[in-house]
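Notes to accompany the following structure.
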Amino acid sequence: MIVTTQSYRGYVFTIRDDPKEPGYTVDFPDIQEIVTSHDTLAGAFANACEALDLYLETLEKLGQPFPKSRHRLVVQTP
């Protein structure tokens, strides 16, 4: 299984590639409502960004606050 963690607009998301399942699955630990997928890693990343944009845009239109980001991506260098 391949797992990569990314960040977009201050929200962390995880992309998983399970060899038993086709494609890549994406989830946001701070926003349980967003789950997406794609058959390529690049497509999964693009879908994650688009899904977050649409979710936040909808909250804004409804006058609801954005969820707080509790997770942070930490990059360590050797």
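Any read-out appearing in this document is the output of simple, stated calculations on the displayed coordinates, not a laboratory observation. Only a predicted model underlies this, so the values are computations on that prediction, with no experimental measurement involved. Glycine also receives a Cβ, built like all others from the backbone with ideal geometry; neighbour counts cover every protein chain displayed.
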Quickly estimate the mean residue ellipticity at 222 nm for the chain, helices only: each DSSP H run with n ≥ 4 gives -39500 (n - 2.57), and the total goes over all residues, rounded to 500. -9500 deg cm²/dmol
Can you give the local net charge around ALA44? Use residues other than it whose beta-carbon is closer than 10 angstrom to its beta-carbon, Lys and Arg +1, Asp and Glu -1. -1
What is the calculated FRET efficiency for LYS61 to THR5, with r their C-beta to C-beta distance and R₀ = 30 Å, to the nearest 0.05? 0.55
Acute angle (nearest 10 degrees) that the helix 41-61 long axis makes with the longest principal axis of the chain, alpha-carbon atoms: 10 degrees
Under 14 Å, Cβ to Cβ, from SER69 - net charge with Lys/Arg +1 and Asp/Glu -1: +3
